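What follows draws every value from the coordinates through simple rules; no lab data is involved. Predicted, not measured: the structure shown is a model, and the values here were computed from it. Cβ placement follows ideal geometry from the backbone for every residue including glycine, while neighbour counts extend to all protein chains displayed.
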Amino acid sequence: MQHEEHRSPIRRVFPAHSRPTNASNSRERRPICSAEQNDIPAILYLQSSTLAPNSPAGRGCSQVPKHGSTGFGFGSSLGRMFTGIVEEAGVVERIQPSAKSIELTVRSAKCGRGLKLGDSLAVNGCCLTAVKLGKRGKSTLVQFDLLQETWQRTNLQFAKKGSLVNLERPLRANAELGGHFVSGHIDGIGKIVRWERSGQDHVLDIAAPPEVMRYVIFKGSIAVDGISLTVAGVKKKEFRIWIIPHTFEMTALRERKVGGAVNLEADLLGKYVEKFIRASRAGAG
């Protein structure tokens, strides 16, 4: 790691997604042994959909739970789990409003392989369900039906034909956890207030709504457009992250600009800790 004395006093921390190790955007993850599988902590099976229906974390996801899935939740109504390790930047091919939904079609070179109708895919961090599949050369065209709720609460409302979107398939139960627990439920939309190159890297400052900032801590994790990143600095209404070249080149961040909108999902574990503490205090009272 190079020295950062010439920069702000905020200490730099490599994002979980951005570490230039063998844990690239590839899904070729190291399987865990059966003993480790049996010892998977119960928290892995918790989903933010178990929060109150009016919770910000329980909104903005259009997904259809499917029996027999290999994603976390194991076919229950709990849904799917992601890790924020973006596999590719897909391309928006078509956006068509219909009577009941907004039809979003994305071209995928990698995540569409083996995808079936009803499967889940994180698009800019938002868990969506594939309702129609097609082919264009070696790429797969995946159509999603977005409810107005999802459309209005995510930055997908600003997408247009040709826009890049981050794609990630659900985590398998026997796969390595490369980022952090990401549910695919968007908590809020952030606004880019600083986005510039600094040496070989980029510094990104994001203004976030209060319902997101309450969970943002120094060195903590946060999903930005579905990318698992580490918080390098926190202010009252915004936070900072550093982006290394690998992340910049492999994700949709490369086309973001100051003033642009990004989807934000706060750390799922922080939400449960808050809920448990609140329940404990209520019981003690």
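Which distance in nm do the two modelled labels at Lys132 and Arg281 give, with both placed 7 Å along the Cα-to-Cβ direction?
The modelled label-to-label distance comes out at 4.9 nm.
How far apart, in nm, are two points set 7 Å out from the Cα along the Cα-to-Cβ line at Glu149 and at Glu103?
Result: 2.3 nm between the two label points.
For each pair in Lys110/Lys161; Lys135/Lys271; Lys110/Lys160; Lys135/Lys160, compute the distance between the two Cα atoms and list the pairs where it is over 31 Å.
Exceeds cut-off: Lys135/Lys271.
State, as an integer percentage, the relative contact order of the range 188-275 based on alpha-carbon contacts under 8 Å between residues 6 or more apart.
Value for the range 188-275: 37 percent.
Rounded to whole Å, give me the distance from the Cα center of the range 216-258 to that of the range 112-140.
25
Going 7 Å from the Cα of Lys237 along its beta-carbon direction, which residues of the range 176-211 have the amide nitrogen within less than 19 Å of the resulting point?
Zone members listed by number: 188-195, 204-211.
List the lysines whose alpha-carbon lies under 17 Å from that of Lys237, not counting same-chain residues fewer than 8 positions away?
Lys191, Lys219
Return the distance in nm (one decimal) between the two label points of a simple spin-label model at Glu274 and Lys219, each offset 7 Å from Cα along Cα→Cβ.
2.2
Give the separation of the Cα centroids, the range 91-109 to the range 265-285, in Å.
So the separation of the two Cα centres works out to 37 Å.
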